[in-house]
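Since every read-out is calculated from the coordinates, none of them should be taken as a lab result. This is a predicted model, so every value here is computed, not measured. Note: ideal-geometry Cβ built from the backbone for every residue, glycine included; neighbour counts use all protein chains shown.
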Amino acid sequence: MNSVEHPAAGAVDPKDVAAVEAQLGRAPRGLRAVAHRCPCGQPDVVETAPRIATERNPDGEPFPTLYYLTCPKAASAIGTLEGGGLMAEMTERLRTDPGLAAAYRAAHEDYLRRRDAIEVLAGFPSAGGMPDRVKCLHVLVAHALAAGPGVNPLGDEALALLPEWWRTGSCVRLEAADGPAPAGHGDEHGHGHEYAPEDGDEEGRER
């Protein structure tokens, strides 16, 4: 049973829904709320339902990734960090730094608490590799943006390493007649060409 009320998908502004669709290159599924906005004003992280209806399972497939990064410019920059070996470096630090490991575990617990407030996914981990390793920086940065500074230490670190991706303009163009038009969006996961989730990866399942 949910312990708090959360906005339903219908509560999301249609302009935000259209912007996210332009960012992803497809209609978003399980969209509950805009969890964070880019300085350009567009959504860059959305809150998704823990269970999403699919053709295979109309009752809903588990989708553990509560906070989903949608901005392709941010995602591309994060992909560059991943390609540079940052995830392996962070995972090694978790093994050798007890303070960091404790803070990262607290981030994991925060993620579960927020997701469980909507629906408990028994037996599913949080996301991004938490609490023992770093598997997806996109997930950690999305959590850091949605929850604010000081909640996810490695998400905060990755965020601090990113360039100001919004300085070159919005990733979508708002057009009065036709709605948002993509301004160079990434792949169907909205994570840029560097991010290619493996089949079956819970973080990468489409909404």
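Could you order peptides 13-24, 156-167, 138-149, 119-130 by the average number of other Cβ atoms within 10 Å of their residues, highest first?
138-149, 13-24, 119-130, 156-167
Work out from phi, with θ = phi - 60° and the Karplus expression 6.51 cos²θ - 1.76 cosθ + 1.60, the ³J(HN,Hα) of each residue of the stretch 71-85, listed in order in whole Hz, and give x for Gly and Pro.
These are the phi-based 3J(HN,Hα) values: 5, x, 5, 5, 4, 5, 5, 5, x, 5, 4, 4, x, x, x Hz.
Out of residues 5 or more away from ARG51 or on other chains, whose amide H comes under 5 Å of its own, with H placed 1.01 Å from N in the peptide plane?
PHE63
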